[in-house]
Amino acid sequence: YLFSSPENEITDIDLAGAVLREEAPSDLERLDNLDVHRDVLRRAILGASEKLLIVSPYLSNRAIEADGLAALLKSRDALHVVVAYDHSLNTGRNGIMLPRAASAIEALHMAGAQTWPLAGAHNKTLAVDDDWIVEGSFNWLSALRDRDNDFQRHEVSFLYRGEHAATYVNDAWKEAK
């Protein structure tokens, strides 16, 4: 019927748009739950060959302990690991580092990571070598790991492995300095 007459042709469908919506780019992955974020963080630590940048505005020893991150980082002693965090978000009104953050920094140092205090940082970034980068809402080193906690939040991030990954990784390192 559609081909029997030009008047029967269906013309109001955007096939190109439909195809684009159905096919996710192979270099982009959407991370949309706690377990996936935790797994990506572990993969980053274990899979990086030269350098790893973790930007987490807030720091918490509980997140580090819950994921066994200190032991993972320590097992990668040849890896250059930098954890950048926002200084003021981890400091009390009295100017003293909050206990959860001070414990986190101590654990990170003992595991061989460098910590860089930043001013005004709110991005949540994970950059692995020059190969891939994750940007999103997940606070890598402070997000609650307990799904039943009232303060647990739905987090979404994008992992990018495409041809521009090295540029984005390089930009993230510049921003962390």
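Please tell me if Trp116 is closer than 23 Å to Glu50 by Cα, at pLDDT 95 or above, of a type in the set (Phe, Trp, Tyr) and more than 15 Å from the chain's Cα centre (by Cα). Against the criterion (closer than 23 Å to Glu50 by Cα, at pLDDT 95 or above, of a type in the set (Phe, Trp, Tyr) and more than 15 Å from the chain's Cα centre (by Cα)), Trp116 qualifies.
Would you pick out the residues in the range 155-177 that are in a helix (DSSP H, G or I), touching a residue at least 12 places away in the same chain (Cβ under 8 Å) and open to solvent by 10 Å² or more (accessible area, probe 1.4 Å)? Break it down into steps so the answer makes sense when it comes.
Here is the first cut: in the range 155-177, the ones in a helix (DSSP H, G or I) are 165-175.
From the residues that got through so far, the ones that are touching a residue at least 12 places away in the same chain (Cβ under 8 Å) too are 165-166, 168-170, 172-173, 175.
Correct list: Ala166, Tyr168, Asn170, Trp173, Glu175.
Selection of the range 118-153 for residues being over 24 Å from Ala70 (Cβ atoms), loosely packed, with under 11 Cβ neighbours inside 10 Å and either touching a residue at least 24 places away in the same chain (Cβ under 8 Å) or of a type in the set (Ser, Thr, Tyr) (or both) yields Ala119, Gly120.
Please work out if Arg21 is at pLDDT 95 or above and open to solvent by 60 Å² or more (accessible area, probe 1.4 Å). Before you say what the answer is, go through the steps one by one.
Working: at pLDDT 95 or above: no; open to solvent by 60 Å² or more (accessible area, probe 1.4 Å): yes.
Against the criterion (at pLDDT 95 or above and open to solvent by 60 Å² or more (accessible area, probe 1.4 Å)), Arg21 does not qualify.
Tally time: how many residues in the range 114-129 are under 17 Å from Arg43 (Cβ atoms) and not in a strand (DSSP E or B)?
Number satisfying all stated conditions: 1.
For the range 85-106, the candidate set comprises residues that are out of contact with any strand residue (DSSP E or B) (no Cβ under 6 Å at 6 or more places or on another chain) and of a type in the set (D, E, K, R); within that set, the residue that is most open to solvent (accessible area, probe 1.4 Å) is Arg93. Among the residues of this structure, Ala66 counts as one that is surrounded by fewer than 20 Cβ atoms within 10 Å (Cβ to Cβ), farther than 21 Å from Ala176 by Cβ and of a type in the set (A, V, I, L, M).
The values are calculated or read from the model by the stated rules, or taken from the named source; none is laboratory data. All figures in this text were calculated on a predicted structure; none of them were measured in a lab. Ideal geometry is used to build each Cβ from the backbone, glycine not excepted, and the neighbour counts take in all protein chains shown. Areas reflect the complete protein model, heavy atoms only, side chains present, ligands, DNA and RNA absent. Shrake-Rupley method; radii C 1.70, N 1.55, O 1.52, S 1.80 Å.
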